[in-house]
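Colleague: The structure that follows is given in the form of structure tokens.
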């Protein structure tokens with residue numbers, strides 16, 4: 001769980017045996033119950049990894065103490081994200097790796113990914129059409145990058 005100023009406000013790691021394509025219920029998050037009176041609104045990230053630690057799924061949820069606490073998201077200041085892109089040509093097209101880094105002090109919302117220093121691979125069709133990437137989001141300073149070779 002993360003606070004609006006990007007502090008880790010709680011964490012739980014649990015080993016679970018879960019069948020594929022099935023629902024697995026876990027015990028309630030006591031960490032959430034403890035954090036909400038203090039933080040009022042937190043980002044809860046649920047990740048699922050396999051036995052080797054390979055990430056299989058990642059989901060984010062905004063949890064507030066009351067429905068009105070969700071309105072705190074509208075007051076978030078724009079966050080400065082650094083956007084870089086690197087392309088590699090192949091016979092199948094161009095593979096572009098886009099990296100976003102949030103150097104701000106709050107989460108960056110609706111940047112099409114939840115930004116916690118993550119890479120995104122983009123495959124473009126052959127040809128010159130894939131030369132730039134752009135960035136926009138809820139509270140994200142807009143930006144763009146030319147794809148380097």
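The values are calculated or read from the model by the stated rules, or taken from the named source; none is laboratory data. This is a predicted model, so every value here is computed, not measured. Please note: Cβ atoms are built from the backbone with ideal geometry, for glycine as well, and neighbour counts cover all protein chains shown.
Colleague: What are the residues in the stretch 67-83 that are surrounded by 10 or more Cβ atoms within 10 Å (Cβ to Cβ) and free of Cβ contacts under 8 Å to residues at least 12 places away in the same chain, if any?
Modeller: Of the residues in the stretch 67-83, the ones surrounded by 10 or more Cβ atoms within 10 Å (Cβ to Cβ) are 68-73, 76-83.
68, 71 - these are the residues of the stretch 67-83 that are surrounded by 10 or more Cβ atoms within 10 Å (Cβ to Cβ) and free of Cβ contacts under 8 Å to residues at least 12 places away in the same chain.
Colleague: Here is a further query. Any idea which of 86, 40 is more than 17 Å from residue 138 (Cβ to Cβ), assigned by TED's automatic domain parsing to the domain that holds residue 126 and surrounded by 11 or more Cβ atoms within 10 Å (Cβ to Cβ)?
Modeller: 86
Colleague: For residues in the stretch 122-148 being within 17 Å of the chain's Cα centre (by Cα) and touching a residue at least 60 places away in the same chain (Cβ under 8 Å), which is nearest to residue 77 (Cα to Cα)?
Modeller: Across the stretch 122-148, the extreme among qualifying residues is 139.
Colleague: If a residue must be more than 16 Å from residue 12 (Cα to Cα) and in contact with a helix residue (DSSP H, G or I) (Cβ under 6 Å, 6 or more places away or on another chain), how many such residues does the stretch 26-62 contain?
Modeller: Total satisfying the criteria: 2.
Colleague: Hey, residue 62 hits all of (1) surrounded by fewer than 14 Cβ atoms within 10 Å (Cβ to Cβ); (2) in contact with a strand residue (DSSP E or B) (Cβ under 8 Å, 6 or more places away or on another chain); (3) assigned by TED's automatic domain parsing to the domain that holds residue 1 but one; which does it fall short on?
Modeller: (1)
Colleague: Residue pairs, Cβ under 7 Å, 6 or more apart or interchain, first in the stretch 16-30 and on the phi < 0 side of the Ramachandran plot and at pLDDT 85 or above, second assigned to a loop (DSSP other than H, G, I, E, B) and surrounded by 10 or more Cβ atoms within 10 Å (Cβ to Cβ). List them.
Modeller: Taking only residues 6 or more apart or on different chains, the pairs are 16/26; 24/18; 29/12.
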